[in-house]
Every structure is written in C-alpha cells, then in structure tokens.
1. Within the stretch 119-128, can you find the residues that are surrounded by 15 or more Cβ atoms within 10 Å (Cβ to Cβ) and either on the phi > 0 side of the Ramachandran plot or assigned to a helix (DSSP H, G or I) (or both)?
2. Quick one: Val150 ticks every box in (1) crowded, with 19+ Cβ neighbours inside 10 Å; (2) under 24 Å from Ile92 (Cβ atoms); (3) among the hydrophobic types (A, V, I, L, M, F, W, C) except a single one, so which number is it?
3. Considering the stretch 129-150 alone, what residues qualify as being in a helix (DSSP H, G or I) and of a type outside the set (A, V, I, L, M, F, W, C)?
4. If you go through the stretch 83-104, how many residues are in contact with a strand residue (DSSP E or B) (Cβ under 6 Å, 6 or more places away or on another chain) and farther than 18 Å from Val150 by Cβ?
5. Which residues, counting only those in the stretch 22-38, are among the acidic types (Asp, Glu), farther than 15 Å from Arg53 by Cα and surrounded by 14 or more Cβ atoms within 10 Å (Cβ to Cβ)?
6. Across the stretch 180-190, what is the number of residues that are farther than 18 Å from Asp115 by Cα and within 24 Å of the chain's Cα centre (by Cα)?
7. Of all residues in the stretch 85-131, which are modelled with pLDDT of 95 or more and among the polar types (S, T, N, Q)?
8. Can you tell which of Ala71, Ala58 is in contact (Cβ under 8 Å) with a residue 24 or more places away in the chain, surrounded by 14 or more Cβ atoms within 10 Å (Cβ to Cβ) and more than 30 Å from Pro185 (Cβ to Cβ)?
Amino acid sequence: MADLPLPLEDPLAERLARALDVEGKIPRALEALGPIGGKDVLLLDGAGSMRARQVEAAGGRVHHAADLEAAASQPPESIDVALAWWSSFRPIEDDDLESVDRLLRPGGRQLVVHDYGRDDVSRLRGELPEYGSWARRDGPFLSRGFRIRVLHCWWTFDSVEEAAGFLGEVFGPRGANVAAGLKRPRLSYNVAVYHRTRGDRG
C-alpha cells in the first residue's frame, strides 16, 4: 500500500498515518524535486490514499495507475511527474525506465520514495535492501541516473506510552526493546527520494 512504508490493518494503520512525517517534509521535498504543483502527476499504487490527497493539495493533477502495466494506457508524453511511494520499483529495472520515459513529457521527472535506514525505524524492521545496496553508487537507482535526497523525518506520537504500545503491538519484542530506550515520543525515520529527469540513464 502506498500510504505507509509497511502494511498494517486499521486501527494500527491509522495510528502510523497520524505519526508519520507530521512536519510534512516528504510532500515539501516532492514539490522541490518535481515540482508537482500545476503538473500532471502519475501516481502509482495510490488511488484514494493520503498521499494522493497531499499531491492534490499541492496543486497536482493526479492520474492513477495500479502499476506500470496499467499506466501503459496513458497517452505518450502526457505526464509531467511519475511518482511512486514505497510499494513500486522494488527495485527499479531498465524496462521500467523505458516505460516511464514513454509517459513523461520532455523534462519530465520521476520521483520514487523508499526508506533509507540508519534510523530508529530500521532497528525495528531488520535487514532490508533499502537500507544498504539500493543507495550505493552501483545500486539499482544511482547506477541508472537517479540522484538521491535523504529526508530526516520522524514517527511522532502523543506520548512515550502511546509510542511504546504501538511498537510492542506491531513489532513484538523488538519493538518493546526499542521503546524501552525512548526519551521522547518519536522515532527517527530517514526517507530516500530517488529522482531523475526523463532520459537520464546513468
């Protein structure tokens, strides 16, 4: 699901959605790297999501597709920004670049949001490729013409007790261990925005 970096059922999903990036750093970065305001934005795997509403609030005209195969129905060169959150491009392949470039107008931008790691949240989730190989120069993104912007965000809760309850319920003993070290009701959370301009292939 594109709203959140990990799949959760309600009400846990709602609790994380309220806690994740309350400072709004992610949508501000997308506007800076796009921009998305006043643009035709293809949003992959995000229909009806909070992320779609953020793009619309920034003035983007949202076009939805479940994945790149579904996006093929869009006319060529009809999109200014192709945007994916967490669930798509895991990781990206050469064929994906060709498909995206077909849809983008000249100068169009591709933005892909993934976790970066080196934070409190990565201690909860264990070893993931997002936390290592994806961000290397020879990794699947940077070797294909993407640049990376790392955002230092937070999961912010109303109290340490609320944070501890959430972490224990979602992550079990590992979550309880991280919660035991909390001094404030928030966890550091680093997000990578991989970005490229149409035609950039590394």
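The values are calculated or read from the model by the stated rules, or taken from the named source; none is laboratory data. This structure is a prediction, so every number in the text was calculated from the model and none was measured. Note that each Cβ is placed from the backbone with ideal geometry, even for glycine, and that neighbours are counted across all protein chains shown.
1. If the condition is that a residue be surrounded by 15 or more Cβ atoms within 10 Å (Cβ to Cβ) and either on the phi > 0 side of the Ramachandran plot or assigned to a helix (DSSP H, G or I) (or both), then Asp120, Val121, Ser122, Arg123, Leu124, Arg125 are the ones that fit.
2. The single condition Val150 does not satisfy is (1).
3. As a first pass, look at the stretch 129-150 and keep what is in a helix (DSSP H, G or I): 129-131, 133-135, 142-144.
Once the filter is applied, which keeps residues that are in a helix (DSSP H, G or I) and of a type outside the set (A, V, I, L, M, F, W, C), the stretch 129-150 yields Pro129, Glu130, Tyr131, Ser133, Ser143, Arg144.
4. 4
5. From the stretch 22-38, those among the acidic types (Asp, Glu) are 23, 31; that's our starting set.
With the extra rule that they be farther than 15 Å from Arg53 by Cα, the set shrinks to 23.
Selection gives nothing.
6. Step one: filter the stretch 180-190 for residues farther than 18 Å from Asp115 by Cα, giving 180-185.
Filter once more, so that each one left must be within 24 Å of the chain's Cα centre (by Cα): 185.
The number of residues fulfilling the criteria is 1.
7. Matches in the stretch 85-131: Ser99, Gln110, Ser122.
8. Ala71
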